[in-house]
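The values are calculated or read from the model by the stated rules, or taken from the named source; none is laboratory data. Everything numeric here is computed off the predicted structure, so don't read it as measured data. Here the Cβ positions follow ideal geometry from the backbone for every residue, glycine too, while neighbour counts run over all protein chains shown.
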């Protein structure tokens, strides 16, 4: 079985890094993985995409993801002008960095209740508290794990320590746990 | 496509799991290959290779002399000098950087210097584009280099190490280019297994060994390298008296490449449990296929994905990934293709005013056969335009319908372009 994840973020929020961390963790779990960015004319703040594929079998595909199983939105301001649910599989999962009125969220997503599974976590607030910067990528991994246990916590921890210096890995691990705790289906 | 082996010398559990992108995988391979000199200049999407390698240098993890040159022309020139002095030399580039190397590429090949070059394939300007196609590689196809194309990140690692072994084999002594698709491989993380350092050292036989030659002004055979103690000249003036004969040496060396590539592929299989077809061609489901598609690089995986799907639907389709483009395996490929009804030849490059480069080769390969398939050229993916599964499936259906009709209306087709 193969799971395809599409990450929506803005340049500088670490969408590609999140896509990579998830892939690294899944590889530690013994899965076959791919993660890659869709490089446009990148600049800080511009909407960007990144992808993760996780599979039990070796992955043949080398093309972008068009029909993801899971969509993760790192920045709620993207909801206004990026069609984040485009191509999302039936009964797919949407994980959004969001804190506020649920009806308003559904309206912004342009979907009906029950159409998809929707999870939120207040990633920006948590990132500002813990990292002192609005970098929401790792928080969203926490929220994802609440909704779908794609990888083990141990493997995410290992991936963080592999990717970041110890103090940064520690903070991000704390952030992931907090975001996991506060994540909920809406 | 790799096949499992029962007992590789280094079983998978003794290999280290890495989750890295194609560029990093190449850097790891170069790190383990006891490279003496790296001279390079950054260009997207190759930059990570040299960035990562310079990290290894800065950390003292390699003994390599790292030369941060001021252009790709200089990068290849420095590699030529280093290799002529007996060093194992490596560099990496892409697109316009490769174009700037052009003059020196010929010199590297003609001087029979076993340099390894990683090319993170990228479209040539203009308009400026950083994404994948093969027009950069095709610009060097006549320069006298061995050209290998890889499908995934694991193969990028494996092939980079193999490239040194192939290049330095005394039957070959030619430079080797390892092509990995920009972004689709260079910037894509995949899980791979790498060997322990010592296993790579042993596979390559340690540091580069320079062949010995007989020169009339020395009593003994001397190593073929620049050495003030035993002076030799490399590439002196060579007019109509001997130039042609020296070119014939290159012609002959190229003929010996396929057997060496096959041997190295087989030795790698014994060592690691991984192999890529016979090293030259990677056929899949071709036995009874009415329609066969040929392809280079990472798209090979997506094509295989579709072949599997169509086979499940009972369609007689197959594919061949061309792993070695130079020297081109005309005979071997023709033998695989000859019984198909239609062959779709995918090219991620075009020779303006003609066809795609591999289409020309395959026409040449099949010309002498009385019974041969119809040929269609699909030019696709220029400037990084994606080749998603749906598009490739559409291509297979077109080819199946051509096979049914028994003739081809349009020989040159552009796949995934706006009409």
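Kindly establish whether residue B:241 is over 19 Å from the mean Cα position of the chain (by Cα) and either outside the structural domain of residue B:156 (by TED's automatic domain parsing) or assigned to a loop (DSSP other than H, G, I, E, B) (or both).
yes
Can we say residue A:12 is more than 14 Å from chain B (Cβ to nearest Cβ), under 18 Å from the mean Cα position of the chain (by Cα) and part of a loop (DSSP other than H, G, I, E, B)?
Judged against the criteria, residue A:12 is a match.
Rundown of residues vs (1) more than 14 Å from every other protein chain (Cβ to nearest Cβ); (2) surrounded by fewer than 22 Cβ atoms within 10 Å (Cβ to Cβ), yes/no style:
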{"residue": "B:145", "(1), (2)": "yes, no"}
{"residue": "B:151", "(1), (2)": "no, no"}
{"residue": "B:163", "(1), (2)": "yes, no"}
{"residue": "B:169", "(1), (2)": "yes, yes"}
{"residue": "B:173", "(1), (2)": "yes, yes"}
{"residue": "B:186", "(1), (2)": "no, no"}
{"residue": "B:193", "(1), (2)": "no, yes"}
{"residue": "B:206", "(1), (2)": "yes, yes"}
{"residue": "B:211", "(1), (2)": "yes, yes"}
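Of the residues B:19, B:93, B:64, B:2, which single one is within 14 Å of chain A (Cβ to nearest Cβ) and at pLDDT 95 or above?
Among B:19, B:93, B:64, B:2, only B:19 is within 14 Å of chain A (Cβ to nearest Cβ) and at pLDDT 95 or above.
Specify the residue that is surrounded by the most Cβ atoms within 10 Å (Cβ to Cβ); the eligible residues are those in the stretch B:248-276 that are out of contact with any helix residue (DSSP H, G or I) (no Cβ under 8 Å at 6 or more places or on another chain) and touching a residue at least 24 places away in the same chain (Cβ under 8 Å).
Among them, the one singled out is B:253.
For the stretch B:370-419, name all the residues that are assigned to a loop (DSSP other than H, G, I, E, B) and free of Cβ contacts under 8 Å to residues at least 12 places away in the same chain.
B:370, B:409, B:418, B:419
Report, by residue number, each residue of the stretch A:18-49 that is surrounded by fewer than 20 Cβ atoms within 10 Å (Cβ to Cβ), in contact (Cβ under 8 Å) with a residue 12 or more places away in the chain and either more than 25 Å from residue B:385 (Cβ to Cβ) or out of contact with any helix residue (DSSP H, G or I) (no Cβ under 8 Å at 6 or more places or on another chain) (or both).
A:29, A:32, A:38, A:42, A:43, A:44, A:45, A:46
With respect to residue B:345, is the statement that it is at pLDDT 95 or above, in a strand (DSSP E or B), closer than 23 Å to residue B:146 by Cα and under 17 Å from the mean Cα position of the chain (by Cα) true?
Criteria not met by residue B:345.
Could you please find all residues in the stretch B:253-308 being more than 14 Å from chain A (Cβ to nearest Cβ), closer than 28 Å to residue B:11 by Cα and more than 19 Å from the chain's Cα centre (by Cα)?
B:270, B:271, B:272
Working only within the stretch A:159-174, note down all residues that are within 14 Å of another protein chain (Cβ to nearest Cβ) and under 10 Å from residue A:21 (Cβ atoms).
Within the stretch A:159-174, A:159, A:160, A:162, A:163 qualify.
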